[in-house]
Amino acid sequence: MSEPIYLDNNATTLVAPEAVEAMLPFFSEQFGNPSSLHSFGDKVGRALLNARRQVQALIGAEHDSEVIFTSCGTESDSTAILSALKVQPNRKEIITTVVEHPAVLSLCEHLEKDGYTVHYLKVDKKGRLDIQEYANLLSDNVALVSVMWANNETGTLFPVEEMAELANEAGVLFHSDAVQVAGKLPMRLQDTAIDMLSLSGHKLHAPKGVGVLYLRRNTRFRPLLRGGHQERGRRAGTENTASIIGLGQAAELALANIEQENTAVRRLRDKLEKGILAQVPYAFVTGDPGNRLPNTANIAFEYIEGEAILLLMNKAGIAASSGSACTSGSLEPSHVMRAMDIPYTAAHGSVRFSLSRYNTEAEIERVIEAIPPIVSKLRKLSPYWSGDGPVEDPAKAFAPAYA
Amino acid sequence: MWDYSEKVQEHFFNPRNAGAVEEANAVGDVGSLSCGDALRLTLKVDPETETILEAGFQTFGCGSAIASSSALTEIIKGKKLDEALVVSNQDIADYLDGLPPEKMHCSVMGREALQAAVANYRGEEWKDDHEEGALICKCFAVDAVMIEDVVRANGLRTVEEVTHYTKAGGGCSACHEGIEEILTTVLTEQGEAFNASAKAAPPKKTKLTNLQRIRRIETVLESLRPQLQADHGDVELVDVEGNTVYVNMTGACSGCQMAGMTLNGIQQRLVEEMGEFIKVVPASAMQKMAAAG
Ligand SMILES: Cc1ncc(COP(=O)(O)O)c(C=O)c1O
């Protein structure tokens with residue numbers, strides 16, 4: 001069989017060969033502790049500063065000291081949210097959205113048990129927020145707004161720059177989980193009112209297990225991990241130097257390729273989407289197609305189930321993911337699909353294709369060819385399907401006794 | 001992705017008896033609301049002998065839902081209705097060489113579809129009495145609804161008690177936070193507070209003497225024997241040491257690929273019947289251990 005095709009870049013990405021190359025010395029001769037005074041440490045310390053500046057350039061931060069290296073996107077999210085609560089003990093409310101990544105949602109749900117009030121902004125059928133609802137919630141009781149820049153399942157973008165302005169005017173701290181945006185859309189944080197922002201290395205062709213928390217200068221802050229003076233005491237623990245160097249290199253590459261993400265990658269994504277929708281009836285794009293990441297296409301295939309689709313795709317050498325309940329290990333279908341009120345016969349069949357600049361035209365053509373027979377094979381097994389279309393009045397024709 | 005057995009994959013990629021049976025005279029439609037899977041089972045039953053002549057399935061669901069449906073139709077074809085009705089979800093899972101704990105509900109759905117189809121054939125109404133919650137304990141596949149019910153029914157107060165009654169939390173212990181949350185919710189309803197350092201009430205069961213315990217284990221093995229013999233195998237109790245039960249697998253079971261699976265099945269049954277954690281180990285391992293010691 002030909003080489004497998006990887007269209008699951010919102011889950012994780014291949015480490016750029018240049019990043020691997022840059023990292024290698026830091027596993028061997030460059031082993032020094034960056035905090036040490038001697039030359040072993042000093043060289044590594046300088047390399048870290050360089051990586052910090054590469055990340056600074058990617059996100060358009062004003063100062064390199066606004067970049068704090070962490071162990072992952074999740075740590076950055078937790079640090080930001082818990083810090084905002086710590087510095088404002090009298091503010092007991094948080095505003096976030098129903099479609100955040102579990103890195104934010106699970107923590108918020110946990111904080112509710114500790115007595116905090118969390119406002120979860122709803123989304124409409126296209127996954128968009130109601131800004132008026134948001135503006136009405138801002139008050140002196142709110143410690144923090146945490147809103148993702150782009151949704152990992154649908155790629156739908158939220159107007160975080162505008163929302164940060166509103167928060168700023170109301171005197172409320174603003175954090176954004178930009179894990180899916182960094183490297184895909186240009187960003188200049190110094191021109192925004194965003195106070196804190198999370199990103200994760202492995203989503204932009206750096207290794208797993210390294211992330212960044214952007215912390216605007218003069219933002220009140222309390223560390224999650226206390227200990228040594230690494231990261232100016234804001235994140236103790238000896239640095240994961242090799243991965244940080246890899247992240248710096250990947251950030252530089254991402255910045256150089258950001259145009260390509262929005263032209264070449266976007267074109268391939270659109271070609272894939274159109275190619276599939278032209279051949280497969282009863283399929284539609286979820287989220288807000290007019291306002292989303294250039295690399296993401298989330299397509300709901302009605303009357304069939306996502307895990308079954310993924311297994312057949314995997315057999316055909318194509319990797320993607322699904323919002324189906326059965327792929328997550330929980331029994332619930334994706335909270336993002338449910339929040340958009342997608343009927344469950346479609347939500348379970350949603351498949352996320354997420355591209356990267358490493359995908360080729362030939363790969364996309366192979367996928368366009370492979371998907372239609374997979375869908376029809378599964379529809380032949382479906383009780384909602386008959387011949388060339390859904391059974392008449394599917395909800396009535398097949399109304400199982402539910403447990 | 002999931003750790004699916006070869007057999008599950010095989011039945012998923014090449015499902016048997018897919019599609020509706022023509023001239024079916026029994027139809028069972030069931031679904032699991034929580035996970036969204038749904039299944040229609042159609043049967044052609046010989047009215048004279050009540051033998052299932054043909055069985056077909058249509059499934060909206062994941063890989064193991066499709067594989068379980070396929071397995072179900074293979075198991076019941078040619079059986080009489082009353083024979084088919086005793087097919088359990090464990091039988092379906094065993095037929096597929098096991099399912100991941102998160103996926104056991106797929107086999108439950110198969111059994112329910114069968115019950116619904118038979119009820120339909122007999123002009124009865126089938127009612128589902130099985131409610132399913134989020135999976136809490138992955139080691140022993142125990143869900144939230146089950147834990148809640150048992151906590152309520154028995155007035156349980158500690159994680160340890162929950163483990164005694166349901167096995168949940170008796171394995172890797174990662175779900176203890178989840179169990180504590182359920183205890184907190186139920187106890188709050190009853191106007192009590194959950195106290196993490198409370199002592200577990202001693203299990204109500206009176207302690208068995210060694211002899212009683214071994215007899216009990218024998219009885220359980222005895223009850224499993226017909227199933228094993230049907231597969232041309234057998235099991236023999238060799239020794240009991242604390243929580244470890246040493247057995248000899250004989251006949252077709254010994255050395256066959258399935259021996260591991262079968263041991264797991266026996267262990268699960270023993271844990272259920274004895275209400276304590278029990279490890280089933282082949283007697284050959286005992287000798288090896290003795291040699292190593
Ligand atoms: C939007 C979003 N936030 C946070 C994360 C978590 O990042 P990490 O895996 O680095 O902890 C992810 C990735 O899974 C994500 O997509």
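The values are calculated or read from the model by the stated rules, or taken from the named source; none is laboratory data. Everything numeric here is computed off the predicted structure, so don't read it as measured data. With ideal geometry, Cβ positions are generated from the backbone for all residues, glycine too; neighbour counts draw on all protein chains shown. Calculation scope for accessible area: heavy atoms of the full protein, side chains included, ligands and nucleic acids excluded. Shrake-Rupley method; radii C 1.70, N 1.55, O 1.52, S 1.80 Å.
For residues in region A:97-120 being more than 12 Å from the ligand (Cβ to nearest atom) and assigned to a strand (DSSP E or B), which is surrounded by the fewest Cβ atoms within 10 Å (Cβ to Cβ)? So that I can check it myself, show each step before the final result.
Keep residues of region A:97-120 that are more than 12 Å from the ligand (Cβ to nearest atom), which gives A:98, A:108-120.
Then keep just the ones that are assigned to a strand (DSSP E or B); that gives A:117-120.
Numbers: A:Thr117: 12, A:Val118: 17, A:His119: 17, A:Tyr120: 16.
Filtering region A:97-120 for residues that are more than 12 Å from the ligand (Cβ to nearest atom) and assigned to a strand (DSSP E or B), the one surrounded by the fewest Cβ atoms within 10 Å (Cβ to Cβ) comes out as A:Thr117.
Taking only region A:364-392 into account, find how many residues are open to solvent by less than 60 Å² (accessible area, probe 1.4 Å), more than 14 Å from chain B (Cβ to nearest Cβ) and touching a Ser or Thr at 6+ places or on another chain (Cβ under 9 Å). Even if it seems obvious, please write down each step before you answer.
First, the residues of region A:364-392 that are open to solvent by less than 60 Å² (accessible area, probe 1.4 Å): A:364, A:367-368, A:370-372, A:374-376, A:378-379, A:381-385, A:389-391.
Narrowing the set further to residues that are more than 14 Å from chain B (Cβ to nearest Cβ) leaves A:364, A:367-368, A:370-372, A:389.
Checking the rest, the ones that are also touching a Ser or Thr at 6+ places or on another chain (Cβ under 9 Å) come to none.
Selection size over region A:364-392: 0.
Out of all the residues in region A:193-204, is one or more surrounded by fewer than 22 Cβ atoms within 10 Å (Cβ to Cβ) and more than 14 Å from the ligand (Cβ to nearest atom)?
Residues of region A:193-204 that are surrounded by fewer than 22 Cβ atoms within 10 Å (Cβ to Cβ), as a first pass: A:193.
Keeping just the survivors that are more than 14 Å from the ligand (Cβ to nearest atom) gives A:193.
Yes, the conditions are met somewhere in region A:193-204.
Restricted to region A:229-245, and to residues that are open to solvent by 50 Å² or more (accessible area, probe 1.4 Å) and outside any helix (DSSP H, G or I), which residue is farthest from A:Phe27 (Cα to Cα)? Let's see the steps before the verdict.
Here is the first cut: in region A:229-245, the ones open to solvent by 50 Å² or more (accessible area, probe 1.4 Å) are A:229, A:232, A:238, A:240.
Cutting the leftovers down to outside any helix (DSSP H, G or I) gives us A:229, A:238, A:240.
On the way: A:His229: 23, A:Thr238: 14, A:Asn240: 10 Å.
Going through the qualifying residues, I end up with A:His229.
Would you pick out the residues in region A:260-284 that are in a helix (DSSP H, G or I) and among the aliphatic types (A, V, I, L, M)?
Looking only at region A:260-284, we keep the residues that are in a helix (DSSP H, G or I), and these are A:260-279.
Selection gives A:Ala264, A:Val265, A:Leu268, A:Leu272, A:Ile276, A:Leu277, A:Ala278.
Take the residues in region A:181-190 that are out of contact with any Gly (no Cβ under 7 Å at 6 or more places or on another chain) and open to solvent by 10 Å² or more (accessible area, probe 1.4 Å); name whichever of them is nearest to the ligand (Cβ to nearest atom). Walk me through it before giving the result.
Initially, region A:181-190 is screened for residues out of contact with any Gly (no Cβ under 7 Å at 6 or more places or on another chain), giving A:181-186.
Narrowing further to those that are open to solvent by 10 Å² or more (accessible area, probe 1.4 Å): A:184-186.
Working: A:Lys184: 12, A:Leu185: 14, A:Pro186: 18 Å.
If we take residues in region A:181-190 being out of contact with any Gly (no Cβ under 7 Å at 6 or more places or on another chain) and open to solvent by 10 Å² or more (accessible area, probe 1.4 Å), then A:Lys184 is nearest to the ligand (Cβ to nearest atom).
If I ask for residues that are of a type outside the set (A, V, I, L, M), within 16 Å of the ligand (Cβ to nearest atom) and more than 10 Å from A:Ile95 (Cα to Cα), which ones from region A:132-151 would you list? So that I can check it myself, show each step before the final result.
Going residue by residue through region A:132-151, those that are of a type outside the set (A, V, I, L, M) are A:132-134, A:136, A:139-141, A:146, A:149, A:151.
Filter once more, keeping what is within 16 Å of the ligand (Cβ to nearest atom): A:146, A:149, A:151.
Correct list: A:Trp149, A:Asn151.
Given (1) buried (at least 20 other Cβ atoms within 10 Å of the Cβ); (2) more than 14 Å from every other protein chain (Cβ to nearest Cβ), identify the lone condition not met by A:Glu305.
Status for A:Glu305: all satisfied but (2).
Of all residues in region B:34-63, count the ones that are free of Cβ contacts under 8 Å to residues at least 60 places away in the same chain and open to solvent by 30 Å² or more (accessible area, probe 1.4 Å).
8
So A:Thr263 fits all but one of (1) more than 14 Å from every other protein chain (Cβ to nearest Cβ); (2) touching a residue at least 24 places away in the same chain (Cβ under 8 Å); (3) closer than 21 Å to A:Leu204 by Cβ; (4) of a type outside the set (A, V, I, L, M, F, W, C); what number is the exception?
(2)
Given the conditions (1) under 21 Å from the mean Cα position of the chain (by Cα); (2) closer than 26 Å to A:Asn218 by Cβ, report the number of the one that A:Lys125 does not fulfil.
It fails just one condition, (2).
Determine which member of the set A:Leu225, A:Leu213, A:Leu255 is within 13 Å of the ligand (Cβ to nearest atom) and not small (Gly, Ala, Ser). Spell out the reasoning first.
Working: A:Leu225 fails: within 13 Å of the ligand (Cβ to nearest atom); A:Leu255 fails: within 13 Å of the ligand (Cβ to nearest atom).
When all the criteria are applied, what remains is A:Leu213.
Of the residues A:Ser35, A:Ser71, A:Ser28, A:Ser65, only one is closer than 18 Å to A:Asn240 by Cα and touching a His at 6+ places or on another chain (Cβ under 9 Å); which? First the steps, then the outcome.
On the way: A:Ser71 fails: touching a His at 6+ places or on another chain (Cβ under 9 Å); A:Ser28 fails: touching a His at 6+ places or on another chain (Cβ under 9 Å); A:Ser65 fails: touching a His at 6+ places or on another chain (Cβ under 9 Å).
Exactly one of A:Ser35, A:Ser71, A:Ser28, A:Ser65 is closer than 18 Å to A:Asn240 by Cα and touching a His at 6+ places or on another chain (Cβ under 9 Å), namely A:Ser35.
Assigned to a helix (DSSP H, G or I) and within 13 Å of another protein chain (Cβ to nearest Cβ): which single residue out of B:Glu112, B:Glu83 fits that description? Explain how you work it out, then say what you get.
Working: B:Glu83 fails: within 13 Å of another protein chain (Cβ to nearest Cβ).
Exactly one of B:Glu112, B:Glu83 is assigned to a helix (DSSP H, G or I) and within 13 Å of another protein chain (Cβ to nearest Cβ), namely B:Glu112.
For region B:82-112, which residues satisfy the criterion of being over 11 Å from the mean Cα position of the chain (by Cα) and under 24 Å from B:Ala230 (Cα atoms)?
Within region B:82-112, B:Asp82, B:Glu83, B:Ala84, B:Leu85, B:Val86, B:Val87, B:Tyr95, B:Leu96, B:Asp97, B:Gly110, B:Arg111 qualify.
For region A:212-222, check the following and say yes or no: at least one residue is under 19 Å from A:Ile95 (Cβ atoms) and not charged (D, E, K, R). If you could, list the steps in order and put the result at the bottom.
As a first pass, look at region A:212-222 and keep what is under 19 Å from A:Ile95 (Cβ atoms): A:216, A:219-220.
With not charged (D, E, K, R) added as a condition, the list becomes A:219.
Yes; the residues of region A:212-222 include at least one that is under 19 Å from A:Ile95 (Cβ atoms) and not charged (D, E, K, R).
Taking the conditions exactly as written (within 29 Å of A:Arg222 (Cβ to Cβ), open to solvent by 10 Å² or more (accessible area, probe 1.4 Å) and either within 16 Å of the ligand (Cβ to nearest atom) or more than 14 Å from chain B (Cβ to nearest Cβ) (or both)), does A:Gln54 satisfy them or not?
Numbers: within 29 Å of A:Arg222 (Cβ to Cβ): yes; open to solvent by 10 Å² or more (accessible area, probe 1.4 Å): yes; either within 16 Å of the ligand (Cβ to nearest atom) or more than 14 Å from chain B (Cβ to nearest Cβ) (or both): yes.
Yes: the conditions hold for A:Gln54.
If a residue must be in a helix (DSSP H, G or I) and open to solvent by 20 Å² or more (accessible area, probe 1.4 Å), how many such residues does region A:246-257 contain? If you could, list the steps in order and put the result at the bottom.
Initially, region A:246-257 is screened for residues in a helix (DSSP H, G or I), giving A:246-256.
Add one more test, that the residue is open to solvent by 20 Å² or more (accessible area, probe 1.4 Å), and what stays is A:249, A:252-253, A:255-256.
Looking only at that region, the number is 5.
Can you tell me which condition B:Pro100 does not meet? The list is (1) within 22 Å of A:Lys380 (Cβ to Cβ); (2) within 9 Å of chain A (Cβ to nearest Cβ), and all the others hold.
The single condition B:Pro100 does not satisfy is (1).
If you scan region A:152-180, which residues turn out to be within 16 Å of the ligand (Cβ to nearest atom) and acidic (Asp, Glu)?
A:Glu153, A:Asp177, listed by residue number.
Select, from B:Thr59, B:Thr51, the only residue that is within 14 Å of another protein chain (Cβ to nearest Cβ) and among the polar types (S, T, N, Q).
Values: B:Thr51 fails: within 14 Å of another protein chain (Cβ to nearest Cβ).
Result: B:Thr59 is the single residue among B:Thr59, B:Thr51 that is within 14 Å of another protein chain (Cβ to nearest Cβ) and among the polar types (S, T, N, Q).
Looking at region A:156-168, is at least one residue under 28 Å from A:Tyr6 (Cα atoms) and aromatic (Phe, Trp, Tyr)?
So the first thing to find is which residues in region A:156-168 are under 28 Å from A:Tyr6 (Cα atoms), and the list is A:156-158.
Subset that is aromatic (Phe, Trp, Tyr): A:158.
Yes, because at least one residue in region A:156-168 is under 28 Å from A:Tyr6 (Cα atoms) and aromatic (Phe, Trp, Tyr).
A:Leu293 passes all but one of (1) out of contact with any Gly (no Cβ under 6 Å at 6 or more places or on another chain); (2) not assigned by TED's automatic domain parsing to the domain that holds A:Val98; which number fails?
Of everything listed in (1) out of contact with any Gly (no Cβ under 6 Å at 6 or more places or on another chain); (2) not assigned by TED's automatic domain parsing to the domain that holds A:Val98, A:Leu293 misses just condition (1).
Could you list, in sequence order, all residues of region A:273-301 that are among the aliphatic types (A, V, I, L, M) and in contact with an Asp or Glu (Cβ under 9 Å, 6 or more places away or on another chain)?
To start, the set of residues in region A:273-301 that are among the aliphatic types (A, V, I, L, M) comprises A:276-278, A:280, A:283, A:285, A:293, A:297, A:299-300.
Across region A:273-301, the qualifying residues are A:Ala283, A:Val285, A:Leu293, A:Ala297, A:Ile299.
Can you tell me which residues in region A:1-26 are more than 16 Å from the ligand (Cβ to nearest atom), more than 14 Å from chain B (Cβ to nearest Cβ), part of a loop (DSSP other than H, G, I, E, B) and not charged (D, E, K, R)?
Residues satisfying the conditions are A:Met1, A:Ser2, A:Ala16.
Can you name the number of the only condition in (1) away from the ligand (no atom under 16 Å from the Cβ); (2) within 30 Å of A:Leu272 (Cβ to Cβ); (3) surrounded by fewer than 14 Cβ atoms within 10 Å (Cβ to Cβ) that A:Ser39 fails?
Status for A:Ser39: all satisfied but (2).
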